[in-house]
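Asks: One structure coming up, written as structure tokens, with questions to follow.
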Amino acid sequence: MRLDYLSIFPGYFDVLGISLLGKAAVNGLVDVYAHDLRDWTHDRHRTVDDTPCGGGAGMVMKPDPWGEAFDEIIGTEPDPSVHVVFPSPSGEPFTQSVAHDLSSVERIVFCCGRYEGIDHRVIDYARSMWTVHEVSLGDYVLNGGEVAALAITEAVVRLVPGFMGNPQSLAEESFSAGQDGLLEYPLFTRPVSWRGLDVPEVLMSGHHGRIAKWRRDESIRLTRERRPDLTDSDVSARH
Ligand SMILES: NC(=S)c1ccno1
């Protein structure tokens, strides 16, 4: 998998050389390339923004640098196998399902907006050439797309076959298919008693059937309490 990041702050992506992502890069599972969008400007000030057409506060990212960067980094021919991600508060929700879909693609290009955002024609052009995902991590606004791109990267790369040491752990996580899309149950380890708080007895019983039922019941309880939006009528009926 090749990952490209287009940003006026490419240094954000230096962190990808650390921890698990660093291991993936070393193993050849993932190749990471960060690019400074200003390298595709031609004026003394390396300008990437301008005032919004129609007025309004703030500045908008000019389309020209993006187009020239696309030409050099991706190419000038349409290729739907290239996935271009625009993190944006106005995007569709980024979910574990989207992460799973992206984990099997060969190339992802992250376009990190700043200021008030990117000239919309950049996104329209990208849609005419590649497979585009305008995605949001949640209903809040960041100063740019870089932090969101890092979060999306981690969510996607950890699902790449061969990345996680124990792929079975993926099957039991929140939102995984193995959990029916429910939240993960509470986790415990030793000591059995800690500051007057004990591990639930059932988890020390060695009775696998009872343990599995406790965990399922806890997942259902937590999901109903915290994320009723995830418990559709079908799921509720099954539980
Ligand atoms: N909510 C997201 S993904 C975002 C990107 C930039 N600002 O907010």
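The values are calculated or read from the model by the stated rules, or taken from the named source; none is laboratory data. Just so we're clear, the structure is a prediction, and the values are computed from it rather than from any experiment. When we count neighbours, we look across all protein chains shown, and the Cβ atoms used for this are built from the backbone with ideal geometry, even at glycine.
Asks: With assigned to a loop (DSSP other than H, G, I, E, B), outside the structural domain of residue 182 (by the TED database) and within 17 Å of residue 126 (Cβ to Cβ) as the only criterion, which of 92, 72, 77 stands out?
Replies: 77
Asks: Which one is surrounded by the most Cβ atoms within 10 Å (Cβ to Cβ), of the residues in region 114-135 that are assigned to a helix (DSSP H, G or I) and away from the ligand (no atom under 16 Å from the Cβ)?
Replies: First pass over region 114-135, keeping only residues assigned to a helix (DSSP H, G or I): 120-129.
Right, trim to away from the ligand (no atom under 16 Å from the Cβ) and you get 121, 124-129.
Working: 121: 11, 124: 11, 125: 16, 126: 24, 127: 12, 128: 9, 129: 17.
Out of the qualifying residues, it is 126.
Asks: Taking residue 28, is it of a type in the set (Gly, Ala, Ser) and modelled with pLDDT of 95 or more?
Replies: Judged against the criteria, residue 28 is not a match.
Asks: Using beta carbons and a limit of 7 Å, which pairs, at least six apart or on different chains, have the first residue in region 214-239 and assigned by the TED database to the domain that holds residue 173 and the second one of a type in the set (Phe, Trp, Tyr) and modelled with pLDDT of 95 or more?
Replies: 215/185; 218/185; 219/185
Asks: Continuing with the same structure: Is at least one residue of region 185-207 touching a residue at least 24 places away in the same chain (Cβ under 8 Å), among the charged types (D, E, K, R) and over 25 Å from residue 74 (Cβ atoms)? Before the answer, list the steps.
Replies: Initial filter on region 185-207 (touching a residue at least 24 places away in the same chain (Cβ under 8 Å)): 185-186.
Next, only the ones that are among the charged types (D, E, K, R) stay: none.
No, the conditions are met nowhere in region 185-207.
Asks: Additional query: Take residue 67 and tell me if it is assigned to a helix (DSSP H, G or I) and surrounded by fewer than 18 Cβ atoms within 10 Å (Cβ to Cβ).
Replies: Yes.
Asks: Restricting attention to region 136-149, does a residue exist that is assigned to a strand (DSSP E or B), closer than 22 Å to residue 12 by Cβ and within 13 Å of the ligand (Cβ to nearest atom)? Break it down into steps so the answer makes sense when it comes.
Replies: Step one: filter region 136-149 for residues assigned to a strand (DSSP E or B), giving 136.
The next check asks that each one be closer than 22 Å to residue 12 by Cβ; those that pass are 136.
From what is left, the residues that are within 13 Å of the ligand (Cβ to nearest atom) are 136.
Yes - at least one qualifying residue is present in region 136-149.
Asks: Right, here's the next one. Please count how many residues of region 40-58 are surrounded by 11 or more Cβ atoms within 10 Å (Cβ to Cβ), part of a loop (DSSP other than H, G, I, E, B) and among the charged types (D, E, K, R). It would help to see each step written out before you state the result.
Replies: Going residue by residue through region 40-58, those that are surrounded by 11 or more Cβ atoms within 10 Å (Cβ to Cβ) are 40-41, 46-52.
Narrowing the set further to residues that are part of a loop (DSSP other than H, G, I, E, B) leaves 41, 46-48, 51-52.
This time we only want the ones that are among the charged types (D, E, K, R), so: 46.
Count: 1.
Asks: Can you tell me which condition residue 27 does not meet? The list is (1) within 30 Å of residue 176 (Cβ to Cβ); (2) out of contact with any helix residue (DSSP H, G or I) (no Cβ under 8 Å at 6 or more places or on another chain); (3) of a type outside the set (Gly, Ala, Ser); (4) buried (at least 16 other Cβ atoms within 10 Å of the Cβ), and all the others hold.
Replies: Only one criterion is unmet by residue 27, namely (4).
Asks: Kindly check whether there is at least one residue in region 181-198 that is closer than 30 Å to residue 16 by Cβ, at pLDDT below 95 and surrounded by 14 or more Cβ atoms within 10 Å (Cβ to Cβ).
Replies: The answer is yes, given that some residue of region 181-198 is closer than 30 Å to residue 16 by Cβ, at pLDDT below 95 and surrounded by 14 or more Cβ atoms within 10 Å (Cβ to Cβ).
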